[in-house]
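Chemist: Input: one structure, supplied below.
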Amino acid sequence: MSPNIAYPGPAGTHTSAAAATLFPADTLVPLQGFRAVADAVVSAEATFGVLPIESSLAGAVAETHDLLYERALSIVGETILPIRHCLAASADVSLDEIRVVRSHPTAFDQCRSLLARMPKASEIASSTTAEAGRQAAEDGDPTVAVIVGDEAVELYGLTVLEHDVGDTLAFTRFVSIAPYTRVDRGLRDARTAFTFATNHKPGALFAAIEPFARAGLDLVRLVSRPLPATPWKYRFDAVVAGHPLEPAVQLALRELDAVTRTLRVVGVYEGHAEEGA
């Protein structure tokens, strides 16, 4: 029996395409939103989950970062896909007639120029772009447009109003997640993801990341996220190029641990070549 791979559905999302890329031979299972995916992996109802974690235009996907932290999940793989959005509706209408635009918040961030051309239209967030498309098809109201991918347009029988509505060519990084971290595999282009919280004092962040610079390690991602239980205090999610068992990475993580309040590794996986870099 093949593993179940959970992704935020319904079918037709960019994440479903990423899941098929990461797990081409396995059973893909659409679930209702990011949290449902994370919970399914934690409870072993799914072997792996797939979520977007970073957009080349909009930056970090906050919900994925927070779920990795809150659910004690780990990144075990990644892929990067080009993202092309279109504006669609249940029938052919002019932009002036549109009163509502639905999509995922990240898609809104990637299509600001389009939205600026529809100042009278309200933005309503959906759990995924495909969910927005499904709802638009079900409601049948042509004044409610959606920002979706081509697959969702075909799947839900929508009419394309404009193609390629993104502000510029965009890519999204997707990660596969599991309830464990594996360090026993040899990886060609290893990445180590970790999260840490510094002491609340001047120079604390510099002290935390300086060991990586001194060791000549590439800190390829650094994202700050608020700690809800302690207002105005933050944790940092980072990724370093290298394997945690490599001496240089091991030493830098040890030095980081000595100057921070908390430190946890949240992924060891093979990096994906970054197009356009």
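Chemist: Tell me, please, whether a residue that is in contact with a Gly (Cβ under 8 Å, 6 or more places away or on another chain), part of a strand (DSSP E or B) and touching a residue at least 40 places away in the same chain (Cβ under 8 Å) can be found in region 237-244.
Modeler: yes
Chemist: What is the number of the single condition among (1) of a type in the set (A, V, I, L, M); (2) surrounded by 19 or more Cβ atoms within 10 Å (Cβ to Cβ); (3) not in a loop (DSSP other than H, G, I, E, B) that LEU217 does not meet?
Modeler: Unmet condition: (3).
Chemist: Do we find that SER113 is under 21 Å from SER56 (Cβ atoms), in contact (Cβ under 8 Å) with a residue 12 or more places away in the chain and of a type in the set (Gly, Ala, Ser) in this structure?
Modeler: Yes: the conditions hold for SER113.
Chemist: Something else: Can you pull out every residue in region 176-214 that is within 15 Å of GLY267 (Cβ to Cβ), surrounded by 13 or more Cβ atoms within 10 Å (Cβ to Cβ) and charged (D, E, K, R)?
Modeler: The one that is within 15 Å of GLY267 (Cβ to Cβ), surrounded by 13 or more Cβ atoms within 10 Å (Cβ to Cβ) and charged (D, E, K, R): ARG191.
Chemist: Any chance you could count how many residues in region 18-59 are surrounded by 20 or more Cβ atoms within 10 Å (Cβ to Cβ), closer than 18 Å to ALA152 by Cα and among the small types (Gly, Ala, Ser)?
Modeler: Looking only at that region, the number is 2.
Chemist: In addition: Taking the stated definitions as given, is VAL249 surrounded by 18 or more Cβ atoms within 10 Å (Cβ to Cβ), of a type in the set (A, V, I, L, M, F, W, C), part of a strand (DSSP E or B) and in contact with a His (Cβ under 8 Å, 6 or more places away or on another chain)?
Modeler: Considered against the rule, which asks whether it is surrounded by 18 or more Cβ atoms within 10 Å (Cβ to Cβ), of a type in the set (A, V, I, L, M, F, W, C), part of a strand (DSSP E or B) and in contact with a His (Cβ under 8 Å, 6 or more places away or on another chain), VAL249 comes out as no.
Chemist: While we're on this one: In region 66-98, what residues are in contact with a helix residue (DSSP H, G or I) (Cβ under 8 Å, 6 or more places away or on another chain), within 30 Å of LEU158 (Cα to Cα) and not in a loop (DSSP other than H, G, I, E, B)?
Modeler: Passing the criteria: THR79, LEU81, ILE83, CYS86, LEU87, ALA88, ALA89.
Chemist: Give LEU51, LEU67, LEU73 a once-over and let me know the one that is under 18 Å from the mean Cα position of the chain (by Cα), of a type outside the set (Asp, Glu) and under 18 Å from GLY149 (Cβ atoms). Let's see the steps before the verdict.
Modeler: Numbers: LEU67 fails: under 18 Å from GLY149 (Cβ atoms); LEU73 fails: under 18 Å from GLY149 (Cβ atoms).
Going through LEU51, LEU67, LEU73 in turn, the sole match is LEU51.
Chemist: Hey, which of the strands (runs of 3 or more DSSP E) in region 129-209, taking only ones fully inside, have at least 3 residues that are polar (S, T, N, Q) and touching a residue at least 12 places away in the same chain (Cβ under 8 Å)?
Modeler: Here the list reads 190-198.
Chemist: Among the residues of region 14-22, is any of a type outside the set (S, T, N, Q) and either outside any helix (DSSP H, G or I) or farther than 23 Å from VAL148 by Cα (or both)?
Modeler: no
Chemist: Is it the case, given these coordinates, that ALA107 is farther than 23 Å from VAL239 by Cβ, at pLDDT below 95 and part of a loop (DSSP other than H, G, I, E, B)?
Modeler: Answer is no for this residue.
The values are calculated or read from the model by the stated rules, or taken from the named source; none is laboratory data. Quantities reported herein were computed from a predicted structural model and do not represent experimental measurements. Quick reminder, even Gly has a Cβ in these numbers, built from the backbone with ideal geometry, and neighbours come from all protein chains shown.
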